[in-house]
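Right, one structure below, let's go through it.
All of the numbers you see were taken from the coordinates with simple rules; none came from a lab. Quantities reported herein were computed from a predicted structural model and do not represent experimental measurements. Here the Cβ positions follow ideal geometry from the backbone for every residue, glycine too, while neighbour counts run over all protein chains shown.
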Amino acid sequence: TCSHKNRYASLHPLWQSPITIPGGSRQSPINIQWRDSVYDPHLKPLEIRYDPASCLHMWNNGYCFLVEFEDSTDKSFITGGPLENNYRLKQFHFHWGAINDWGSEHTVDCKVFPAELHLVHWNSCKYSSFEEAVMEDNGLAVIGVFLKIGAFHSGLQELVEVLPSIKHKDMLVEFDEFDPSCLLPSCPDYWTYAGSLTTPPLTESVTWIIKKKPVEVDEDQLEMFRMLLFTSLGEEEKKMVDNFRPLQPLMDRMVRSSFP
Ligand SMILES: NS(=O)(=O)c1ccc(C(=O)NCc2cc(F)ccc2F)cc1
Ligand SMILES: [Zn+2]
């Protein structure tokens, strides 16, 4: 197991006692041990079709900030990869740390990244809404992308400059014409495994697709994430940082890779 350095010391109340759900056998996040992952030559390339016009708004939900999409039709969806059906984009959000030494939910060979992007999709072939799909074991597909400190990211900057307008919990701002594929690495390689939501209700309905290559953002951009607050206007201010769940046991699961 990875040494649980003090990155869990000052966790959000949600995780003071790492919640393990009774009988949970496929919880997320996990450490991906590269050498234990199994190359699956039958895995197809992931197909990503996002329509920037389906972007609705960005808001602070008191745990992270998220950009939500219009999901009444298959305007923005993914298919292929480990997926049997089309999965419609619902929202994307991030998890990050108080400092650049930690922040991601998943780790690779125990390496922690300063932040992690999650693009959340639901199986629109089998279910009629996100809320329905979230209860089913093939209901959701989440693409995870690691962020590392490096070059300035011009696509991310469009999000960063809106953050001051959603500083407090429940603030929302209209947001349109954003194509989240600009946040993905160009390398097609990924790992995939069966897991769960990483926040309550922690339902075990997620096919995780974790991109092998991180994307680079500069430290001022990541610092802007840390100006957000968990708290509502008028409450005692608590900086929105360390909004990641502790690592969960792999148990009887295999992690497959799309690359040899
Ligand atoms: N970090 S993650 O990518 O694993 C993740 C993705 C989505 C959600 C979510 O939608 N929660 C709210 C929510 C949950 C439900 F189960 C039903 C409705 C609903 F809005 C939680 C965690
Ligand atoms: Zn997430």
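Observations, loosely collected:
- Here the relative contact order of the stretch 53-194, from alpha carbon pairs under 8 Å that lie six or more residues apart, stands at 26 percent.
- Extending 7 Å from the Cα toward the beta-carbon at both residue 57 and residue 135 defines two label points whose distance is 2.7 nm.
- Here the relative contact order of the chain, from alpha carbon pairs under 8 Å that lie six or more residues apart, stands at 27 percent.
- Estimated [θ] at 222 nm from DSSP helical runs (n ≥ 4, -39500 (n - 2.57)) normalised by residues in the chain, nearest 500: -1500 deg cm²/dmol
- Close amide H contacts of residue 171 (hydrogens built in the peptide plane, cut-off under 5 Å, sequence separation of 5 or more or a different chain): 60.
- Relative contact order of the stretch 192-260, defined on C-alpha pairs under 8 angstrom at six or more residues apart (%): 29 percent
- Net +/- balance of residues flanking residue 219 in space, Cβ distance below 15 Å, scoring K and R +1, D and E -1: -3
- Per the Debye calculation on the stretch 116-253 with a single equal scatterer at every Cα and no solvent contribution, log₁₀ I(q)/I(0) for q = 0.15, 0.19 Å⁻¹ amounts to -0.96, -1.35.
- Amide H contacts under 5 Å for residue 51, placed H, 5+ residues apart: 76, 77
- Here the calculated FRET efficiency for residue 2 and residue 98, from their Cβ-Cβ distance with R0 = 22 Å, stands at 0.75, rounded to the nearest 0.05.
- For residue 65, nonlocal amide neighbours, meaning residues 5 or more places apart or on other chains whose placed amide H falls under 5 Å from its own, are 94.
- Coupling constants for the stretch 231-241 follow from the phi torsions by the Karplus curve (6.51 cos²θ - 1.76 cosθ + 1.60, θ = phi - 60°), and in residue order they are 9, 7, 4, x, 7, 5, 5, 10, 4, 7, 9 Hz; glycine and proline get x.
- Here each label is just a point 7 Å from Cα along the line to Cβ, and for residue 74 and residue 40 those points are 2.1 nm apart.
- If R0 is taken as 22 Å, the Cβ-Cβ distance between residue 157 and residue 186 corresponds to a FRET efficiency of 0.75.
- Between the stretch 221-251 and the stretch 152-175, the alpha-carbon center distance in angstrom: 15 Å
- Descending semi-axes in Å of the chain, equivalent ellipsoid built from Cα gyration tensor: 25, 22, 19
- Taking 0.36 nm per residue of separation and subtracting the current Cα-Cα distance, fully stretching the chain between residue 179 and residue 21 would add 53.4 nm.
- Taking a sphere under 15 Å around the Cβ of residue 44 and counting the other residues whose Cβ falls inside, with K and R at +1 and D and E at -1, yields a net charge of -2.
- A Förster radius of 22 Å combined with the Cβ-Cβ distance from residue 49 to residue 84 puts the calculated FRET efficiency at roughly 0.85.
- Shown for the chain: cysteine residues without a partner Cβ closer than 4.7 Å, namely 55, 64, 125, 182, 187.
- GluC sites (Glu not before Pro) restricted to the stretch 191-260 and DSSP loop, no more than 15 other C-beta within 10 Å: 235, 236, 237
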